[in-house]
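The numbers here are math on the coordinates, done by the rules we state, and not lab data. Remember, predicted model here, so these are calculated numbers, not experimental data. All Cβ positions, glycine included, derive from the backbone under ideal geometry; neighbour counts span all protein chains shown.
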Amino acid sequence: MTITSRNRPFSRAQIRELLEGKDDDWLFSRAALATELEFGNEVYLRAIVEFSNYCANQCHYCGLRAANRALGRYRLSTDSILGAVHRAAANDIGSVVLQSGDDSYFRADTIGWLIREIKARHDIAITLSLGERPADELGLWRYAGADRYLLKMETFDRTLFERCRPGADFDGRLKQLEWLAAMGYQVGSGIIVGLPGMTLDTLAADIEALCDLNLDMIACGPFIPHPQTPFAAAKSGDVLSCQRVTALLRLLNPGANIPATSALEVLKPGARLKSLRRGCNVVMPSFTPEDVNANYNIYPGKNGSNGDARARLHALRAALAAEGLVAASCRGDAKTRRYRRQPGVNANSENKTQSENKIQSRRSKHVSGH
Ligand code: 5AD
């Protein structure tokens with residue numbers, strides 16, 4: 001990925017001040033306006049299917065870390081994964097995220113097969129969130145039809161990264177983000193807000209680093225301590241700080257897809273909806289089967305709500321409607337390309353037309369089906 005220095009409307013010092021809460025009214029109202037200008041009142045839904053909670057990593061913040069022996073581990077069968085995707089499509093969701101811990105059990109060709117099966121059955125965008133993988137596997141999946149890939153850095157501060165993710169390869173992870181962009185994926189990354197040791201200066205630098213990557217998706221949630229991790233005694237991230245981060249990211253990346261994360265809701269009921277009024281435009285309801293979803297225990301409270309996926313989706317749609325927002329059923333591609341200033345790439349019209357065509361064909365299908 002080309003690292004460009006973009007014209008930023010804010011200096012580092014201004015970002016720092018906004019993170020301190022010097023002008024929340026201005027920040028949140030401008031972020032709301034920027035979101036509305038790009039996305040109207042539409043909120044994009046991503047059905048997330050968390051198909052394995054096995055993980056080879058030892059991240060100090062995450063409940064899935066390999067050393068957590070208290071966690072019941074599961075892997076979904078390919079049938080079960082396809083069933084979950086089918087339920088999402090049947091519920092009028094235009095985009096799925098296949099996510100797992102760093103689990104090498106699923107071979108590249110199995111994932112490739114799944115992608116082709118999903119694409120053959122449904123007109124639905126596929127995001128992969130499978131951690132670090134070799135370039136040939138990422139290429140194979142892109143060729144099979146995967147549209148997007150999410151790989152969060154968690155922080156761009158090398159020292160903090162290495163302290164939180166022992167054994168992890170900072171440069172290798174950044175490199176993977178470059179490969180993904182070169183392969184034509186819509187690329188997502190993000191940070192955890194309030195990791196132990198993170199300061200407002202870290203956050204300001206992280207925001208700039210995220211902007212420099214020209215991302216299509218930017219996911220930032222607050223840190224929640226998990227009892228079976230080395231960070232058990234650390235304090236939670238701050239919901240308001242997280243909302244300031246996502247509001248700033250909206251102003252700096254107007255066309256990016258920015259989710260209101262479930263971690264917000266765990267810390268403060270209602271915060272996820274509020275974030276959709278402060279710069280976020282995506283919600284990611286879990287479609288992981290109920291018999292295992294509580295075991296996708298990244299942090300306490302994750303997937304904690306009751307009811308089946310359909311009932312929860314119904315409640316979510318109603319809550320959005322009460323806010324004057326509409327849960328869109330389209331693929332929900334990012335609108336980032338028109339902002340790119342990369343020499344030689346006239347991404348402006350082409351990409352937009354492509355995605356619009358697909359949305360158009362979805363709509364016509366719906367119309368002719370009635
Ligand atoms: N608190 C908040 N977010 C967390 N994640 C992992 N552990 C935690 C935690 N304790 C986030 C990471 C990861 C995503 C799936 O969940 O950002 O990429």
Spin-label model distance (nm) - E132 vs S236, 7 Å beyond Cα toward Cβ: 3.1
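If you put +1 on each Lys and Arg Cβ and -1 on each Asp and Glu Cβ, how big is the dipole of region 103-204 around its Cα centre, in Debye rounded to 20?
On the way: 13 positive and 15 negative charges, 41 e Å.
The dipole magnitude comes to about 200 debye.
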K268 versus D123: modelled label distance in nm, points set 7 Å from Cα along the beta carbon direction: 4.0
Unit charges on C-beta of K, R, D, E only; dipole of region 10-116, Debye: 620
Within a Gaussian network of the chain (alpha carbon springs, distance under 10 Å), most fluctuating of S80, S305, S100: S305
Other-chain or far-sequence residues with amide H under 5 Å of E42's (modelled H): V326
Sequence-distant residues sharing a close amide H with V193 (under 5 Å, placed H): G221, F223
Overall Cα dimensions of region 211-318 - principal axes, largest extent first, Å: 40, 36, 24
Cysteines without a disulfide-compatible neighbour (Cβ-Cβ under 4.7 Å), the chain: C55, C164, C211, C220, C242, C280, C330
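Determine one quarter of the surface area of the Cα convex hull of region 117-227, which equals its mean projected area, and express it in nm² to one decimal. Present the calculation step by step, with values, prior to reporting the outcome.
On the way: hull surface 32.1 nm².
Average projection, Cα convex hull of region 117-227: 8.0 nm².
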Most mobile of N91, N41, N303 in a GNM of the chain (Cα contacts under 10 Å): N91
All aspartates and glutamates inside 20 Å of K119 as judged from Cα atoms, apart from same-chain residues fewer than 8 positions distant: E50, D79, D92, D109, E137, D147, D333, E356
Kirkwood hydrodynamic radius over Cα pairs of the chain, then Stokes diffusion coefficient at 20 °C and 1.002 mPa s, in µm²/s: 103
Selected from V85, G101, L128, residue furthest toward positive end of dipole (region 45-145; charges at beta carbon): G101
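Which value, in debye to the nearest 20, describes the size of the charge dipole of the chain about its Cα centre when Lys and Arg Cβ atoms bear +1, Asp and Glu Cβ atoms bear -1, and nothing else is charged?
Working: 48 positive and 40 negative charges, 96 e Å.
Result for the chain is approximately 460 debye, rounded to the nearest 20.
With a Förster radius of 35 Å, plug the Cβ-Cβ distance of T78 and D169 into 1/(1 + (r/R0)^6) and report the FRET value to the nearest 0.05. The partial results should precede the final answer.
Details: r = 30 Å, r/R0 = 0.84.
For T78 and D169, the calculated efficiency is 0.75.
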Value of D in µm² per second that Stokes-Einstein yields for region 1-152, Kirkwood Rh from Cα pairs, at 4 °C (1.567 mPa s): 70
Dipole of region 144-254, positive end: most advanced residue of A209, P166, W179 [Cβ charges, Cα centre]: P166
For region 246-261, Karplus couplings with θ = phi - 60° (6.51, -1.76, 1.60), whole Hz, Gly/Pro x: 5, 5, 4, 4, 4, 5, 8, 9, x, x, 6, 7, 10, x, 8, 7
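Where does the chain land at 222 nm, in deg cm²/dmol rounded to the nearest 500, when only DSSP H runs of n ≥ 4 count, each adding -39500 (n - 2.57), divided by all residues? Provide the component values of the computation, followed by the final result.
Values: 14 runs with 162 residues, N = 370.
Mean residue ellipticity, 222 nm, calculated: -13500 deg cm²/dmol.
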